[in-house]
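S.K.: First the structure, which I've put down as structure tokens, then a few questions once you've had a look.
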Amino acid sequence: MLRIAVPNKGSLSGPAAEMLHEAGYQQRRESKELRIVDPVNEVEFFYLRPRDIAIYVASGRLDIGITGRDLLIDSGADAEEILPLGFARSTFRYAAKPGTVTGPGDLTGRTVATSYEGIVAAHLAEQGIDASVVHLDGAVETAIQLGVAQVIADVVETGTSLRNAGLEVVGEPIMQSEAVVIRRTGTDGEDPKVQQFLRRLQGVLVARTYVMMDYDCRVEQLEKAVALTPGLESPTVSPLHNEGWVAVRAMVPSKEAQRIMDDLYDIGARAILTTAIHACRL
């Protein structure tokens, strides 16, 4: 069986379970379950702390795993990203009291508090900055107030927590993170079971990104309509009973669907509708 590590809690857990369910895999019914077997799909899921998943996958005990890119890099584990999943996006940045640090160059000789020591140490080394790193398990905003550090490095989403702590973002983002599928570095990338798993997840990603659009238009307007809805390879065009009319079907990006419907209506298309895509293979 394919052995897969899945986050057991936190911001990664719920979206990961939802995506796996959409991909057709059985998921646990109770949060206390640490392992389940999906015999139909020949997969065994292990529910682990997100921060530990890269370590387990790198050991070779598990074939692949879902974790955050930030946690993968911070772990320093011998594992690699093979598919971004598009959820749990975050930005990792430095922050300090206003006016005390204007850019990375001002970090020299300072102490940086963070829960992601591996990421920060690697970034400082890349920038040639000689600074100390203090590891804290969460609530790093208070490190400056209590005099433990002059700078912090943490995940920043809206920046509200930083502002409430009297801090401001410093310099450019250290990295952009999101949920990713990982495997042990150097593992055979052609494993059929792994490839099937990735295709399923890619199908979910596409299904979430596109909708199916159907409409009727006159033949003389077909080229303009097809230009608006080119589909992935080409739209499906079928003649209607009424001469001079055709039915068109194509996948379109869901974010652009309303604009495309307006443009189609303006050129004379009618009976325009969209339907959700639940699964696909491209």
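The values are calculated or read from the model by the stated rules, or taken from the named source; none is laboratory data. These numbers were taken from a predicted model, which means no experiment stands behind them. When we count neighbours, we look across all protein chains shown, and the Cβ atoms used for this are built from the backbone with ideal geometry, even at glycine. These accessible areas exclude ligands, DNA and RNA; they are computed on the full protein's heavy atoms, side chains included. Shrake-Rupley method; radii C 1.70, N 1.55, O 1.52, S 1.80 Å.
S.K.: Can you find a residue in the range 266-280 that is of a type in the set (K, R) and under 35 Å from the mean Cα position of the chain (by Cα)?
M.R.: Taking the range 266-280 as the starting set, the residues that turn out to be of a type in the set (K, R) are 270.
Within this subset, residues satisfying the condition of being under 35 Å from the mean Cα position of the chain (by Cα) are none.
Taking every residue of the range 266-280 in turn, none turns out to be of a type in the set (K, R) and under 35 Å from the mean Cα position of the chain (by Cα).
S.K.: Now for a different question. If I filter the range 220-253 down to residues being surrounded by fewer than 16 Cβ atoms within 10 Å (Cβ to Cβ) and of a type in the set (G, A, S), which single residue comes out as farthest from the chain's Cα centre (by Cα)?
M.R.: Looking at the filtered set, the residue picked out is G244.
Residues are listed down the side, and each one gets a yes or a no for (1) within 19 Å of L12 (Cα to Cα); (2) at pLDDT 95 or above; (3) over 19 Å from the mean Cα position of the chain (by Cα); (4) aliphatic (A, V, I, L, M):
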| residue | (1), (2), (3), (4) |
| --- | --- |
| G65 | yes, yes, no, no |
| R89 | yes, no, no, no |
| G99 | no, no, yes, no |
| E117 | no, no, yes, no |
| V120 | no, no, yes, yes |
| E141 | no, no, yes, no |
| G159 | no, no, yes, no |
| L167 | no, no, yes, yes |
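S.K.: Being crowded, with 17+ Cβ neighbours inside 10 Å, over 21 Å from R281 (Cβ atoms), in contact (Cβ under 8 Å) with a residue 12 or more places away in the chain and in contact with a Gly (Cβ under 8 Å, 6 or more places away or on another chain), is that true of even one residue in the range 56-63? Steps first, answer last, please.
M.R.: Filtering the range 56-63 down to residues crowded, with 17+ Cβ neighbours inside 10 Å leaves 56-58, 62-63.
Okay, now just the ones that are also over 21 Å from R281 (Cβ atoms), so 56-58, 62-63.
Filter again for in contact (Cβ under 8 Å) with a residue 12 or more places away in the chain, leaving 56-58, 62-63.
Restricting the remaining residues to those that are in contact with a Gly (Cβ under 8 Å, 6 or more places away or on another chain) gives 56-57.
Checked the range 56-63: at least one residue is crowded, with 17+ Cβ neighbours inside 10 Å, over 21 Å from R281 (Cβ atoms), in contact (Cβ under 8 Å) with a residue 12 or more places away in the chain and in contact with a Gly (Cβ under 8 Å, 6 or more places away or on another chain).
S.K.: Does G14 satisfy the condition of being of a type in the set (G, A, S) and over 16 Å from G86 (Cβ atoms)? Give the derivation first.
M.R.: Numbers: of a type in the set (G, A, S): yes; over 16 Å from G86 (Cβ atoms): no.
In short, no.
S.K.: Which is in contact (Cβ under 8 Å) with a residue 24 or more places away in the chain and in contact with a Gly (Cβ under 8 Å, 6 or more places away or on another chain), of I129, I119?
M.R.: Values: I119 fails: in contact with a Gly (Cβ under 8 Å, 6 or more places away or on another chain).
Answer to the selection: I129.
S.K.: Within the range 230-282, can you find the residues that are in contact (Cβ under 8 Å) with a residue 60 or more places away in the chain and part of a loop (DSSP other than H, G, I, E, B)?
M.R.: As a first pass, look at the range 230-282 and keep what is in contact (Cβ under 8 Å) with a residue 60 or more places away in the chain: 273-282.
Passing the criteria: I277, H278, A279, C280, R281, L282.
S.K.: Evaluate the following for R61: is it part of a loop (DSSP other than H, G, I, E, B) and closer than 24 Å to G186 by Cα?
M.R.: Numbers: part of a loop (DSSP other than H, G, I, E, B): yes; closer than 24 Å to G186 by Cα: yes.
Spelling it out, R61 is indeed part of a loop (DSSP other than H, G, I, E, B) and closer than 24 Å to G186 by Cα.
S.K.: Additional query: Hey, V101 hits all of (1) in contact with a Leu (Cβ under 9 Å, 6 or more places away or on another chain); (2) free of Cβ contacts under 8 Å to residues at least 40 places away in the same chain; (3) more than 24 Å from G76 (Cα to Cα) but one; which does it fall short on?
M.R.: (2)
S.K.: Any residue that is open to solvent by 60 Å² or more (accessible area, probe 1.4 Å), within 17 Å of Q202 (Cα to Cα) and at pLDDT 95 or above - is there at least one of those in the range 70-81?
M.R.: Taking every residue of the range 70-81 in turn, at least one turns out to be open to solvent by 60 Å² or more (accessible area, probe 1.4 Å), within 17 Å of Q202 (Cα to Cα) and at pLDDT 95 or above.
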